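The structure appears right after this line, and notes come after that.
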Amino acid sequence: MSANEGKQFEEDWKGSYGKTPYFYMRLRDSAKWVQGQGASFTPENPCDSVMHTMPFIWLLELKSTKGASISFFPNTPWIKPPEAKGERDIKTNQVKELMKAAAHEGVIAGLVLNFRERNLKTKKVEAATYFVHINDFTSFAVETGKSSISLDDCEKIGVWIPHEKKRVHYRYDINQFVDVAALTYIKRGYIKAEHLVSLRKWLTFLISGQTTSEVTV
């Protein structure tokens, strides 16, 4: 992946929040820490960015490619094989942290996968972007045994994110993405109905203007 094109996708994604009511924060890349005796390590962020859309928090890992697929370690992408050298496009730590986050109610965690425009010998492949929930990604990895995820795979398991191409930059329809994705994950059971019912009761309580002392136990 070209670093410049990947960074441009991240900037275009961030710039797409201007016409939304949502909070979005890009996490800063971690600096390298130096330990004793010259050893060093770099702390890893759990994901690239955080989005808040009442009542959900989203943990998003953004990936962009000019190729046909995005790589990861097969079968168990949250575990790096002992013999493996280096990492894949989707890192084991990212998968592991997104899995942990998704276990909490009200958290939607996953991958924003951007396939940039490609010109092949016989046809032109238009750019497309999908959100793949981490639960769907890990199920896909385990069930297929694949070591990469393609645009066709994303069409089957992900949520399509509409975009509009300006002169140079892209703008993504975050509002539509959030609405469709939230409904999708309620239907799939990743967002529990009982959690939403409890939330509605709590919001009704807040809207009513009652204080804790006024509630009859």
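Taking the listed residues Glu97, Glu105, the one that is open to solvent by 30 Å² or more (accessible area, probe 1.4 Å), within 27 Å of Gly189 (Cβ to Cβ) and part of a loop (DSSP other than H, G, I, E, B) is Glu105, with no other qualifying. Regarding the stretch 82-95, can at least one residue be identified that is free of Cβ contacts under 8 Å to residues at least 40 places away in the same chain and among the hydroxyl-bearing types (Ser, Thr, Tyr)? Yes; the residues of the stretch 82-95 include at least one that is free of Cβ contacts under 8 Å to residues at least 40 places away in the same chain and among the hydroxyl-bearing types (Ser, Thr, Tyr).
Please tell me if Lys66 is touching a residue at least 12 places away in the same chain (Cβ under 8 Å) and out of contact with any Leu (no Cβ under 7 Å at 6 or more places or on another chain). First the steps, then the outcome.
Details: touching a residue at least 12 places away in the same chain (Cβ under 8 Å): yes; out of contact with any Leu (no Cβ under 7 Å at 6 or more places or on another chain): yes.
Yes: the conditions hold for Lys66.
When you scan the stretch 46-69, do you find a residue that is modelled with pLDDT under 95, surrounded by fewer than 17 Cβ atoms within 10 Å (Cβ to Cβ) and under 15 Å from the mean Cα position of the chain (by Cα), even just one? Checking the stretch 46-69: at least one residue is modelled with pLDDT under 95, surrounded by fewer than 17 Cβ atoms within 10 Å (Cβ to Cβ) and under 15 Å from the mean Cα position of the chain (by Cα).
Only one of the numbered conditions (1) at pLDDT below 95; (2) surrounded by fewer than 16 Cβ atoms within 10 Å (Cβ to Cβ); (3) under 28 Å from Leu98 (Cβ atoms); (4) not polar (S, T, N, Q) is not met by Asp179, and that is (1). Just one of the numbered conditions (1) of a type in the set (Val, Ile, Thr); (2) modelled with pLDDT of 95 or more; (3) under 16 Å from the mean Cα position of the chain (by Cα) is not true of Ile191; which one? Ile191 satisfies all of (1) of a type in the set (Val, Ile, Thr); (2) modelled with pLDDT of 95 or more; (3) under 16 Å from the mean Cα position of the chain (by Cα) except (2).
The values are calculated or read from the model by the stated rules, or taken from the named source; none is laboratory data. Computed from a predicted model, the values in this text were never measured in an experiment. Quick reminder, even Gly has a Cβ in these numbers, built from the backbone with ideal geometry, and neighbours come from all protein chains shown. The accessibility values were calculated without ligands, DNA or RNA, using every heavy atom of the protein model including side chains. Shrake-Rupley method; radii C 1.70, N 1.55, O 1.52, S 1.80 Å.
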